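Engineer: Below is a structure I'd like to ask you about.
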Amino acid sequence: MPIPKAELHLHIEGTLEPELAFALAARNGVELPYADTDALREAYRFQDLQSFLNLYYELMTVLRTERDFEDLADAYLARAAAQGVRHAEVFFDPQAHLARGVGMGTVVEGLWRALGRSEEKHGVSTRLIMCFLRDESAESAMAALDAAKPHLDRITGVGLDSAEVGHPPAKFREVYEAAAALGLRRVAHAGEEGPPEYVTEALDVLGVERVDHGLRCVEDPALVERLVRERVPLTLCPLSNVRLRTVDTLADHPLPAMLDAGLLCTVNSDDPAYFGGYAGDNFDAVRETLGLGPERLRELARNSFLASFLDDDEERRARYLAEVEAYDFG
Ligand code: ADE
Ligand code: ZN
């Protein structure tokens, strides 16, 4: 059994495997511009974040009903459980669905049909985090937050994703203030393709508690020092970074140096259907390619639970942490 871990950076729409995409397209009478799953997989060659996002938004048009979102999330949770995920904090992109006429209730309640049963069915506890699309307007983000108000019992926090460069965190200051006033936790993608300054802005202007990716912090030693001092978790996604060419090869990934620097790093899958692996696959890849030993892997697993939003269930967090400490690498 793989080491127990929490997944903290996972876009549920990015778990849409080609087979499920075609099945949902057939169910909903949606035409996909690919002959079959092999032809679709051929399109999974990305130059950068934007080239991935184009396909990601195109494919999610097959998601229409509550049952579609339930099936998507249930398939993810089954795969995650098989790779040792004990707790998953799941992102979703409501604006991408609202823009197509799919309502917030359809998305949230559909996802919840799977997430709400996940513990009993898969042994995976869950949280739900709604992300704002940073390449859309702040008004659109605020409208999405408004639309989420009847569903806040299902939603733990807010995040910020999509095309990063040219869309600095400060654009969403008021939205994050409103989210905080509603009692929502705050995270944001920053320093994936964007500069280290976006990481600082996400912390100072948006008040985020975790930074998604944050990879480019390594370019700014003073920022690294701050992130270490303030124990700010970073949700890294090594296989994603390779596929989106944020790093040249996995062997060049700065994860070992980041751990040596004392950063609170976690390893996650981002969009596993597109990037070649789920959470356990990412752990395996950094073990094999970056030579991380058992104690480094245990540290990554421990960090994932420490960085999780389990503050309302410390007993559970302690149980998961005990599982990590007791894990025998054999
Ligand atoms: N949306 C889905 N995956 C993303 C990523 N890696 N970066 C930004 N937005 C995303
Ligand atoms: Zn992401």
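Engineer: Once the Cβ-Cβ distance between Ala222 and Asp248 is put in as r, and R0 is 22 Å, what FRET efficiency do you end up with, to the nearest 0.05?
Structural biologist: 0.30
Engineer: Full extension from Gln50 to Arg67: what is 0.36 nm times the residue separation minus their Cα-Cα distance, to one decimal in nm?
Structural biologist: 3.2 nm
Engineer: Under a point-charge model restricted to the Cβ atoms of Lys and Arg (+1) and Asp and Glu (-1), what is the dipole moment magnitude of region 5-307 relative to its Cα centre, in debye to the nearest 20?
Structural biologist: Dipole size: approximately 800 debye.
Engineer: Defining a contact as two alpha carbons under 8 Å apart and six or more residues distant in sequence, what relative contact order in percent does region 99-249 show?
Structural biologist: In percent, rounded to a whole number, it is 16.
Engineer: Show me the ranking of peptides 121-130, 256-265 by mean Cβ neighbours inside 10 Å, starting with the highest.
Structural biologist: Packing proxy ranking, top to bottom: 121-130, 256-265.
Engineer: Taking N as the number of residues in the chain, what is its Cα Rg relative to 2.2 N^0.38 Å?
Structural biologist: Ratio of Rg to 2.2 N^0.38 Å for the chain: 0.93.
Engineer: Where the centroid of each part is defined by its Cα atoms, how far is region 252-330 from region 101-162 in Å?
Structural biologist: 24 Å
Engineer: Of the chymotrypsin sites (Phe, Trp or Tyr not before Pro) in region 40-81, which ones lie in a loop per DSSP and count no more than 10 other C-beta atoms within 10 Å?
Structural biologist: Here no chymotrypsin sites (Phe, Trp or Tyr not before Pro) fit, given the DSSP loop and packing criteria.
Engineer: Using all alpha carbons of region 71-127, what is the percent of pairwise distances in each 10 Å bin, ordered from the shortest bin to the longest?
Structural biologist: It works out to 24, 50, 22, 4, in whole percents.
Engineer: Choose one of Ala257, Leu32, Tyr198: the residue whose Cα lies farthest towards the positive end of the charge dipole of region 5-307 (beta-carbon charges +1 Lys, Arg; -1 Asp, Glu; about the Cα centre).
Structural biologist: Among Ala257, Leu32, Tyr198, the one farthest towards the positive end of the dipole of region 5-307 is Ala257.
Engineer: Let me ask something else. Report the label-to-label distance for Arg319 and Ala23 in nanometres (one decimal), using points 7 Å from each Cα along the Cα→Cβ vector.
Structural biologist: The two pseudo-label positions are separated by 3.0 nm.
Engineer: Place a point 7 Å from the Cα of Ala143 along the Cα-to-Cβ direction; which residues of region 104-118 have their backbone N under 19 Å from it?
Structural biologist: Residues 104-108 qualify, since their backbone N sits under 19 Å from the label point.
Engineer: Could I ask something else about it? So for region 186-248, taking the charge dipole from beta-carbon charges (+1 Lys/Arg, -1 Asp/Glu), which of Pro238, Gly214, Val228 sits furthest toward the positive end?
Structural biologist: Toward the positive end, the furthest listed residue is Pro238.
Engineer: Now a separate question. At a Cα cut-off below 16 Å, give the aspartates and glutamates reachable from Lys121, other chains included and same-chain residues fewer than 8 away excluded.
Structural biologist: Glu70, Asp71, Asp74
Engineer: Counting only other residues whose beta carbon sits under 11 Å from that of Arg287, what net charge do I get with K and R as +1, D and E as -1?
Structural biologist: That sum, taken over residues with Cβ under 11 Å, equals -2.
Engineer: Can you tell which of Ala188, Leu10, Gly123 lies farthest toward the positive end of the dipole of region 5-307, using +1 and -1 charges on the Cβ of basic and acidic side chains (Lys, Arg; Asp, Glu)?
Structural biologist: Gly123
Engineer: Assuming R0 = 41 Å, what is the FRET efficiency of Leu182 and Arg298, from their Cβ-Cβ distance, to the nearest 0.05?
Structural biologist: So, using R0 = 41 Å, E works out to roughly 0.70.
Taken together, the values in this text are just the output of simple stated rules run on the coordinates, not laboratory data. Just so we're clear, the structure is a prediction, and the values are computed from it rather than from any experiment. Virtual Cβ from ideal backbone geometry, glycine too; neighbours counted across all protein chains shown.
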